[in-house]
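A short write-up of the structure that comes next.
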Amino acid sequence: MIQVFGTLKCKETQKAIRFLKERRLDFQFINLQIKGMSAGELKKVSLFIPIEELIDVNSKEFLRLNLKYMRFDITEKLLEFPLLFKTPVIRTSKKAYLGFLPDTMKEFIEKEK
């Protein structure tokens, strides 16, 4: 099963969802505005994507929380405030990657079959 973590407002997440729907692939969309990643999911994702790359330092949430000049544990903040994630995060049982890259996504899907 493919999981897409993102928000409905994110254009890249919308593209990833459209890509999967056009290919009639089963996927689960997790809206980060409603529910964040669990600690286990984040741990598995961070095996493929460095945790530092997952946090969006340009997001409204990052600015709202005034994190620019603070020291903090990235993992804790991502678990506490899911809107800090760069999106989309696309994950299967074997791999995870960040962003919508059509060529990478095609390879990713082929390997899952």
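The values are calculated or read from the model by the stated rules, or taken from the named source; none is laboratory data. Remember, it's a predicted structure, so these values are computed and weren't measured experimentally. Cβ atoms come from the backbone with ideal geometry, glycine included; neighbour counts cover every protein chain shown. These area figures cover heavy atoms from the full protein model, side chains too; ligands, DNA and RNA do not enter into them. Shrake-Rupley method; radii C 1.70, N 1.55, O 1.52, S 1.80 Å.
Here are a few things to note about the model shown:
- Note on the stretch 54-113: residues that are polar (S, T, N, Q), over 23 Å from LYS35 (Cβ atoms) and assigned to a helix (DSSP H, G or I) total 1.
- Filtering the stretch 82-99 to residues that are touching a residue at least 40 places away in the same chain (Cβ under 8 Å) and under 13 Å from THR7 (Cβ atoms) leaves PRO82, LEU83, PHE85, THR87, PRO88, VAL89.
- Filtering ILE17, ILE49, ILE55 for residues that are in contact (Cβ under 8 Å) with a residue 12 or more places away in the chain, open to solvent by less than 30 Å² (accessible area, probe 1.4 Å), within 19 Å of PHE108 (Cβ to Cβ) and touching a Leu at 6+ places or on another chain (Cβ under 6 Å) leaves a single hit, ILE49.
- The set of residues in the stretch 1-14 that are outside any loop (DSSP other than H, G, I, E, B) and open to solvent by 30 Å² or more (accessible area, probe 1.4 Å) comprises LYS11, GLU12, GLN14.
- Selected residue (criterion: nearest to THR7 (Cα to Cα)) from residues of the stretch 20-46 that are in a helix (DSSP H, G or I) and open to solvent by 60 Å² or more (accessible area, probe 1.4 Å): LYS21
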